[in-house]
Each structure stands twice: as structure tokens, then as C-alpha cells.
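The values are calculated or read from the model by the stated rules, or taken from the named source; none is laboratory data. Computed from a predicted structure; not experimentally measured. Glycine gets a Cβ as well: all are built from the backbone with ideal geometry, and neighbour counts include every protein chain shown.
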Amino acid sequence: MRRLAALLVAGFMVLSTFAVGSFMPVTHATEIWCEDDPIVHINGVTVNINVGVRSSAAGHITGPIQVTVIVPEGAKTSGAGTFPADFSSNGIHITGTVHVQFVEQGDGHGHGDNHVTVLARVPGDATSFGTRLSSSQSDRTDVSTSNHTMSIGFSLGDGQHGQHGN
């Protein structure tokens, strides 16, 4: 009899836990990232630069997002300028501008290697909101939560280095 009573009490407790738990609010720790992707061309290679900000950054971006692409000296480039940006995801829109510029790096004689570095800075009035940077040419993603400055690097591949005089 005691055994049956203990089983009934244990069963009641388990069922009570599930019943109460089903009425408890559920919270999800899902981050919503909003991204914009300026597209540049370096020596004929198309590079999508993905700059992302967390949805919590809405209203905290204080100026144009600065993207600097450091390319081999003499590289043929296109895609520089200032463009409107709409960082959108799941119905959340963060609008602003993205300024893209190229900087050549080499030995001063038109000889650069084939390495490219992308720097991005998201200016903001909050001390902490998430930002991230990735590229179609890199398998690396850089994430920042405090200074909002990120960098990634990649190689263009053989024969894609600076082309002085072209």
C-alpha cells in the first residue's frame, strides 16, 4: 500500500510539473542579425562584403558605416562610393549609409601581393551592440560587441595580384 501511495504521489508531482510548465511563458535567446552587402570588384573578382548589425542596434548607428578595402598596389577595382544601406531581417529595418573606399598597399613600384584586407567600422552611440563582418572570399567572420571595428583578410589567388600600368 505504501508503495502504491508513493507511486501515486510521484506520478502526481510529475504531472503537476508538466501542467504548470505548459502555462509558463517561453523565452527564446534568438539573435536577429540585419545585414547589408556592398559588392566590390578586385582584378575581376566579385567580392560581397557582408556587414551585419544586431537588431538591438536600431537607433544607435550614428553615421555612415566605413568599409576600407586594402588591395594590392596596381589592382583594378570598382565599387567605391557611398551607398544607402537597408539592414533588414525578419521585418526589422535599420537604414543608413555605407561608405566604401579602396587603399592600395605595395612596395611603391606596382608590386603588391595578392592579399586583401577588409576593415569595417560601425559608428554608434551605444557602448555595446553586436556587429559582424564576413566576405564571399573568406571563410572567416569577425564579430565585435564593443568597439564596432572588425577586419577580415583573404587572398585573391594566383595571378590576381596588382597589375601595375593597366
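In table form, for the structure just shown:
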quantity: Subset of region 63-94 (residues that are out of contact with any Ser or Thr (no Cβ under 9 Å at 6 or more places or on another chain) and free of Cβ contacts under 8 Å to residues at least 24 places away in the same chain); calculated: 81, 91
quantity: Residue 96 being in a loop (DSSP other than H, G, I, E, B), of a type in the set (Gly, Ala, Ser) and either at pLDDT below 90 or crowded, with 18+ Cβ neighbours inside 10 Å (or both); calculated: no
quantity: Number of the condition not met by residue 85 [criteria: (1) within 15 Å of residue 37 (Cβ to Cβ); (2) modelled with pLDDT of 85 or more; (3) under 17 Å from the mean Cα position of the chain (by Cα)]; calculated: (2)
quantity: The listed residue being among the small types (Gly, Ala, Ser) and either under 26 Å from the mean Cα position of the chain (by Cα) or at pLDDT 90 or above (or both), out of 91, 108; calculated: 91
quantity: Residue list for region 31-69, restricted to those being polar (S, T, N, Q) and within 23 Å of residue 139 (Cβ to Cβ); calculated: 43, 46, 48, 50, 68
quantity: Selected residue (criterion: modelled with the lowest pLDDT) from residues of region 141-159 that are surrounded by fewer than 21 Cβ atoms within 10 Å (Cβ to Cβ) and touching a Gly at 6+ places or on another chain (Cβ under 8 Å); calculated: 145
quantity: Test: residue 75 is surrounded by 20 or more Cβ atoms within 10 Å (Cβ to Cβ) and part of a loop (DSSP other than H, G, I, E, B); calculated: yes
quantity: Qualifying residue in region 112-120 (condition: of a type in the set (Gly, Ala, Ser), more than 16 Å from residue 49 (Cα to Cα), surrounded by 15 or more Cβ atoms within 10 Å (Cβ to Cβ) and touching a strand residue (DSSP E or B) at 6+ places or on another chain (Cβ under 8 Å)); calculated: yes
quantity: Condition check for residue 49: at pLDDT 85 or above and surrounded by fewer than 19 Cβ atoms within 10 Å (Cβ to Cβ); calculated: no
